[in-house]
Amino acid sequence: PRVTTIGDAGSERTVNVGGVSYHFTNSLDTSWIGEEFHSGHRWEFGNQGEQDGWIGSVLYGSYEESLSASGVNFAPIDPYNLLAGYEDLNGDGIDDDRNGNHVFGRYGEDLGTPDPPNGFTPPFDNVIDQAAPTDVGDQVLYLVTFGNFQVHNTTTLAGVEFMYSHRTCMSDRNQWTWFGGVRYLSVEDQFGFTATGGILDATSLDTTVHNNVVGPQVGGRWVHRRGWFSLSAEGRFLAGLNAQRGTMTGQIATNAQATGLNEPAALTATAFNDAVSDEVFSPIGEVRVDSRYFINRFAAFRVGYTGIYAGGISRAAPKVVYELPHFWLSNTASREGMFIHALTFGFELNR
């Protein structure tokens, strides 16, 4: 899938911690979801006469990838400043006066040194003398760093097709077969993570996107046979309608304790869910090249290559919007391309 950050790229920013300025960025993206070989299965069956017949097939394959990391920086969208809070660096149990206006966050105002009766004079003694409106200028935006991060992605491919076939007569060891019928292809993509530690301790996400592609399919096959060997090349094209549906569940900061010192003041544990749907055009093309060795008239070994391109496919990870107080799904990223390459090995029975 398209590489996307785990966190919001637009919320990365320059920060100052302990007098040191640096650019705070999301530690992880989805580039670890790579191209690796995994096993799959395809069963083909049919009935072919001298010229006319039918063929069908069932396809299934699934692969899962995961990543574990420690010390993961995470920058969410925070439109309500839920990551803002008050510091107590001197340990006196009250909010620090970060902006120097003698109002200590939520606790009150220092009027100066008591000078009875009922008067105050300089210098200020950092002792709260009266209540005052909360000074939001004393707030600091806390950074999110998870201590442990477990993320996974699973893609499952399944499909079925049925087609009428018409075969020409063998001519100079060459033969053509034409197909026409219907095909259904399902692409399910799951993305999720579990994160612990830091101010968003015990945050988790589970997102699943279903692609259901169905439509008419046409194709053709060329076969060249010489003795006990044959070589074939085949192409198929599906003009499909893809009914997409994405679902999301999760929770944020399950262990959050709001209103304390040295942590966000208004952040609370939040559970969430979301769903989106869309319908897009999804073209699917398939090419196959196979070589067969016939053991006898009824059985053959087969080896070859299959390549499938599916357009208009939605993937889970790019649809996640990392916004507080709850994540949600975007209805964009619905038209990605997906390539599948396979080395195929099989055994055929004919009677």
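The values are calculated or read from the model by the stated rules, or taken from the named source; none is laboratory data. Source: prediction; values computed, not measured. Backbone-built Cβ (ideal geometry, glycine too); neighbour counts: all protein chains shown.
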What single numbered condition from (1) out of contact with any Leu (no Cβ under 7 Å at 6 or more places or on another chain); (2) of a type outside the set (Gly, Ala, Ser); (3) within 19 Å of Asp201 (Cβ to Cβ); (4) at pLDDT below 95 fails to hold for Glu109?
(3)
Considering each of Ser27, Ser39, Ser57 in turn, give the residue that is touching an Asp or Glu at 6+ places or on another chain (Cβ under 7 Å) and among the hydroxyl-bearing types (Ser, Thr, Tyr).
Ser57
Sort out for me the strands (runs of 3 or more DSSP E) sitting completely within the stretch 1-55 that have 2 or more residues that are farther than 30 Å from Ala310 by Cα.
13-17, 20-24
Within the bounds of the stretch 36-58, is there any residue that is over 23 Å from the mean Cα position of the chain (by Cα), within 30 Å of His152 (Cα to Cα), of a type in the set (A, V, I, L, M, F, W, C) and exposed (fewer than 13 other Cβ atoms within 10 Å of the Cβ)?
yes
Pairs where the first residue, in the stretch 308-336, is without any contact (Cβ under 8 Å) to a residue 24 or more places away in the chain and the second is in a loop (DSSP other than H, G, I, E, B) and among the charged types (D, E, K, R), C-beta under 8 Å, 6+ apart:
none
Output yes when any residue across the stretch 326-340 is part of a loop (DSSP other than H, G, I, E, B), touching a strand residue (DSSP E or B) at 6+ places or on another chain (Cβ under 7 Å), closer than 28 Å to Arg226 by Cβ and assigned by TED's automatic domain parsing to the domain that holds Val280, and no when none is.
no
Do we have Asp95 as over 30 Å from Glu348 (Cβ atoms) and not assigned by TED's automatic domain parsing to the domain that holds Thr344 here?
yes
Would you mind stating whether Gly180 is more than 30 Å from the chain's Cα centre (by Cα) and assigned by TED's automatic domain parsing to the domain that holds Ala253?
yes
Hey, Gly159 surrounded by fewer than 14 Cβ atoms within 10 Å (Cβ to Cβ) and at pLDDT 95 or above or not:
no
